Every structure is written in C-alpha cells, then in structure tokens.
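Presented below is the structure to which this report refers.
No value in this document is a laboratory result; all are computed from the given coordinates. Just so you know, these numbers come straight off a predicted model, no measurement behind them. Cβ sites come from the backbone with ideal geometry, for glycine too, and all protein chains shown count toward neighbours.
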Amino acid sequence: MKTASVINSDNISGLVQRTLNHVDVRLTDHGKRVAYLAGRMLEADGSFSVKEKQDICLLALLHDIGAYKTEEINEMTRFESRDIWEHSIFGYLFLYHLSPLKDWAQTILFHHVSASTLDGVDERIAMASQIINLADRVDIFWLNYPVQSALDKYLSQKRDDRFRGSVVDLFYKALEKYPVMEEWKDAQAFQKVVQHMDLTVEQCEAYLNMLIFAIDFRSRHTVTHTITTTSIATSLARFMQMTDKQIHDIHYGALLHDLGKIGIPVEILEFPGKLSPQAMKIMRTHVDITEEILGGTIDPVITNIALRHHEKLDGSGYPKGLCGDAITLEEQVVGVSDIVSALLGTRSYKEAYSKEKTLSILREQAGNGKISPELVGVLEKHFDEILSELNVKCAPILETYYGLTAEYDRLLEKYHNQKTFMPA
Ligand SMILES: [Fe+2]
Ligand SMILES: [Fe+2]
Ligand SMILES: [Fe+2]
C-alpha cells in the first residue's frame, strides 16, 4: 500500500485555488489576490502567529466560496456591492460545517459589513474580518481604477465607518513595507505570503472534502454524488478482490472525478430535461476542467482514474474515446460506479431509479459493449451490501446538507434587512 499521501501540504492550496477560479471567470484569482493583500497586512501587523496568518490567508482565499449564483457574482464584482448576505452566509456555513477553519467561520459571515456591526464579536475574528473586507475592496478598487490617490480618498471616506481606523493604518503600513501595488496582481504573489502550508494530512483531506461538498451542494440532486460514487467504487473493488493499492487509487480517483463540475453553470446542472447538443458540449468540458484543476499535481494513475470515468469500452465515451484495454480496471470501476450513482439518485431530469431498473440499464449497457459484464455481475451479486454501506456513508452528509439549508434560511431572514454594511 502506498504511504505517501495523495493530498498534501504541497498540492492542496493549488487545488483549492484552481477550483475556486472556476466558480466564475469574473472571480479568477480574486481570492488569491485578497489572500496576498491580507497576508501583507498581517505581516505588517506582526502580532499574529504563523498559524493564525496561515489560517487567515486560507480564509481570504476561500472568502467567496459561497458565491455560486451568477447574479450574485455580478453584485460582488461591482465596486460597491449591494446585497452581499447570500454568499456571506453560505460561505460562513460552509466553513463552519465543512472545513478545518470552523473557529474562524464568522470572519466570512461579516466580510462585507461595516466595522460597527462587529461590536460584540470576538476580537481576533473581528480583526480578521476587517482585514479581508479591506483587502477585498482594495482588490476590486485597483482592478477598476488603479490610482493611488483615488484609493486614498476612498479609504479616508470609509475610515471609522466601514473600516476600523486601525485596519486602514495596517494597510498603509503594508504599503510602506512591501511593494504591494506592484506585487498584488502577480499570480505568484500569494506564495510570498504563504511560503509553505503547514497542514496535517487530515486537514488537507478536510479541505478536499470541503471542495467536493461545495461542488455537490450546488444542486440538490448531486448533494451526495461524489461520496456515493466513491463508496460504490471502493465496495465494488473489494468484491472484485482488487489489491489495497488499487482500492486506494480508486478511492482518490472517485473523490476527484467531478471536481470540474464547479465550472459548469448551475442552469445546465439543474436543467430539467434532455440537454441540447450545445449544453451537452459544455457539460462534457467538466472532465477538461478537472484535468486543469488537478494541474499535474496528483499521482498519474489516480489522475487517469478521475479523468476517464466517461470513457466506454466500445470507444463511444469521452473525452478521448478510449477503447477496451486502454481503460484500466480501476478506471472502469469508477466509471461504472458513477453511472450507478446517477441512476440511483434523483436528477433534475429524472426520479431515482429502483434496484431493478438500475440493474437492467447496466445489463443493457454491458450487452452493448459499453461497460464490463464482469463488473455488472459483481455489482448485481452484492448490490444490497453495496447499497447499505452507501447509505451509512451518505446519512451524515444529507443531515449536514439539510441542517445547513435550514440555517441558511434562518440567517438570511435575520441579516437580510440589516443595511449597516451599505456604503454611504
Ligand atoms: Fe464577498
Ligand atoms: Fe462526470
Ligand atoms: Fe460523476
């Protein structure tokens, strides 16, 4: 069994960055630049520990993770946003329930509000929130209007209103100490503030899971899709008596297989019917997007498992149209499990299928030479066991999803009408 961890301190921040870059082209690299600006402010301050700095830079990188809906991204990228609660609340709930940054989650809830709203909030959180708030506005300001005197004017207007005076001072301290305006736009500048991520394997895996849930939670039909595919694939591999190494690779390949869905518009993911040829073409790009997100940083065997889940034995699959033996058994296991997961789940265009209907579709595909009859046979034989293992794994995720949705509605109701963050 391979001991080196697939997801580690060296590749996790790249995976996070590249995934977020696909939320929307208008947000490309925004998180990274905000993290850079926040990092420089924290360095100028000097009172935050290395661990705190790392956490806050990761928060800054993730601060817009709640921004799924295109309309809302429109709002955010306008220089002054109007209604910012939806993505702030969703991002907060996400970090609270699904990331190793639980203790810091409130920072994201308040990343657009004026300083006075933070009365009574824990001081470290209030400070981090204000730093991200200011870094976020500076980034948008410079993108639109890179003139220092204009920014000076803006910040002096917002001082002691939207931003604490001390945070504005911190920004100027950073400007004095580092060539911030020259470095800010450089895609690599982020590395300067977080030279080395010091994360445990468990934390790295927790970040990966967070990304996966961020993607699957976009549509209520896909909430448990990745976990379902992964569970079916590893159970199937076990019943196939595959080696520990193969099961390990299948586990990670399945976890990573649909990361690229982050780049597919929700309207297509949720489309209630057969997709048009153009929409299908877009849907299929999720595999290329996954490849781009993995960025050559993941073991090649696992990368191929993730990227080949839509290939078919008869060459009718995509993206490469590979045939027969060119698709390894591990790759086939994940491909078949992906189909099973889709058949068993509801989709915007269909109800959940019964065991009988699922198996009959699989048999038909095997009969047509698209998938392995051997795999379908093993699935059929152990179907109930595979399904009960699956249900155990999905239950807590569904619970989190419904809890999170309920909390979202409650918080939106609570904050929506507060206009304290509104620019004067
Ligand atoms: Fe935001
Ligand atoms: Fe897929
Ligand atoms: Fe999938």
Report summary line: For segment 261-276, pairs from a residue that is free of Cβ contacts under 8 Å to residues at least 40 places away in the same chain to a residue that is part of a loop (DSSP other than H, G, I, E, B) and more than 16 Å from ligand 1 (Cβ to nearest atom), with Cβ under 8 Å and 6 or more apart or across chains, are Ile264/Thr285; Ile268/Leu275
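A quick yes/no check of all residues on (1) within 30 Å of Asp24 (Cβ to Cβ); (2) touching an Asp or Glu at 6+ places or on another chain (Cβ under 9 Å):
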position	(1), (2)
Lys245	no, no
Ile262	yes, no
Leu269	yes, no
Lys312	no, no
Lys320	yes, yes
Report task. Can you work out which of the residues in segment 251-260 that are assigned to a helix (DSSP H, G or I) and in contact (Cβ under 8 Å) with a residue 40 or more places away in the chain is nearest to Ala233 (Cα to Cα)? Result -> Ala254
Query raised in the report: For segment 77-168, list the helices (runs of 4 or more DSSP H) that sit wholly inside it and hold at least 2 residues that are more than 16 Å from ligand 1 (Cβ to nearest atom), closer than 21 Å to Ser49 by Cα and aliphatic (A, V, I, L, M); which are they?
Result: 123-144
Query raised in the report: Looking at segment 342-398, which of the residues that are part of a loop (DSSP other than H, G, I, E, B) and among the hydroxyl-bearing types (Ser, Thr, Tyr) is farthest from Val223 (Cα to Cα)?
Result: Ser372
Query raised in the report: In segment 287-310, is there at least one residue being surrounded by fewer than 15 Cβ atoms within 10 Å (Cβ to Cβ), assigned to a helix (DSSP H, G or I) and within 12 Å of ligand 2 (Cβ to nearest atom)?
Result: yes
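A quick yes/no check of all residues on (1) surrounded by fewer than 17 Cβ atoms within 10 Å (Cβ to Cβ); (2) touching a residue at least 12 places away in the same chain (Cβ under 8 Å):
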residue	(1), (2)
Arg159	yes, no
Arg164	no, yes
Lys177	yes, yes
Ala187	yes, yes
Phe190	no, yes
His196	yes, yes
Glu205	no, yes
Query raised in the report: What number of residues in segment 256-300 are within 16 Å of the chain's Cα centre (by Cα) and not hydrophobic (A, V, I, L, M, F, W, C)?
Result: 11
